[in-house]
Amino acid sequence: MAAAQCAAPVVRRKPSWTGTPEIYFAKPIDNSRLVKVEDPQRSREMKQFGVALSCLFLLVMTFAWQHFKAIEYGYRIEALKAQRDGLIEVNRALRLEEASLRDPERIDVLARRLGLQSPQAGQVMHMDTVSPDAATPVLASVTPVAMDAAR
């Protein structure tokens, strides 16, 4: 039997708790007979603190609102500047196109391709000429235009 005891390993159990045991006792406390005494000075201090905190909050919110509005206006200004620059570029391109379309040589080439001819003497009437007597009224008149039936 001594051999059987030597062959079996000895297993030691760990204790479930380490250190000193803690014991909790429930102690019922009855506060029903206690009455809170109103402190007017403490109440006044808390009201003043609340008003001061509200003023500080309003000041911070006003500053934040102004700050975010300034940022929003900055973005809006930058967008409008970009839009203005784009419109200036489009205006410049349109002016160049208008100048190229008003070129008298180009108009003459297109007119000759369509079979048009230069006006004969007496066919052109200038509307912006001033009559010798500027005080007399000028009536509009209709001049008959000869139409070709070849169209």
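Note on the stretch 35-60: residues that are open to solvent by less than 100 Å² (accessible area, probe 1.4 Å) and assigned to a helix (DSSP H, G or I) total 12. When the stretch 96-151 is limited to residues that are of a type in the set (Lys, Arg) and in a loop (DSSP other than H, G, I, E, B), the one that is modelled with the highest pLDDT turns out to be 102.
The values are calculated or read from the model by the stated rules, or taken from the named source; none is laboratory data. For clarity, every value in this text was computed on a predicted model and none was experimentally measured. Only protein heavy atoms, including side chains, enter the accessible area calculation; ligands, DNA and RNA are left aside. Shrake-Rupley method; radii C 1.70, N 1.55, O 1.52, S 1.80 Å.
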